[in-house]
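> Handing you a structure now.
FYI, it's all coordinate maths here, none of it is from the lab. Model, not experiment: these values are computed from the prediction. Every residue, glycine among them, receives a Cβ derived from its backbone with ideal geometry; neighbour counts consider all protein chains shown.
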Amino acid sequence: MERRKQAFEAAAAKRQQGVTQKPKRGVAQPLKIVEYTNTPVIQPNRSRLKKNRLILPDQQDYFADVYRMLRTKVLQSMRQNNWNTLGITSANPNEGKTVTTINLALSLAKELNQTVLLVDFDLRRPSIHHYFGLDYEVGLSDYIAGKVDIEDVFVNPGVERLVLLPGREPIYNSSETLSSPQLLALIDDVKTRYADRIVLFDLPPLLLDDALSMAPFIDAFLLVIEDGVTDEEDLLNAKKMLADVNIIGSILNKSEHLPKNYDKYYV
């Protein structure tokens, strides 16, 4: 843990030489027109988004309203504490954390006061690019392998104010990779490059991977719980693991107690 902190502090000090102090969140800043001059824009297929339970850009229904409420609560907590990074995790795989993370990012991007970067840090099981249906030639694994620059990995999925940092190939030594100086320098860069940016990290499940290795470098965590699947023991273990980090809340996913005429996809 000490080695990770030293590497992160060294990277932060290096960037700080050329970076002015970022303004506090919650203070109104002049809005900028977002132009993706270097970041490639790939338009996703609407039917693919709908199939994967992602919010469409013009969607106005119960699903979109739920994520607007989540967005409001998340923004209130983050602005109150001057935070700009949020890690989303769950106790176990397949409890809905990735869909929750993507839909929160889509909802945040509709709010005009910030841009959003969505980072796929579930290194063993990268999947964000699959949810968007992106047939993208490079990903975070290629950057880590030294094949491309980080600028070559960013992609805009056809949504204003949203940029993705997708994974591609699985990285099986994920614990070591997450604590490497290269990744810590990357985290520092995405945190500090833009003052009005919120960074969401789709993290590994707590009870299977070393998601907590990211805890010193992420402002707060959001825990996704699957109704009727996440058992009490796993929930208590997850709570213990998150005891020393900032938790802004938890999401009860796939609840049975829902309005009529809707599918079983809810937050």
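> Within the set of other residues whose C-beta is less than 9 Å from the C-beta of Val224, count the net charge using Lys and Arg as +1 and Asp and Glu as -1.
-1
> What trypsin sites (Lys or Arg not before Pro) does segment 89-193 have in DSSP loop regions with at most 12 other beta carbons within 10 Å?
Taking segment 89-193 and a limit of 12 other Cβ atoms within 10 Å, the loop trypsin sites (Lys or Arg not before Pro) found are Lys147.
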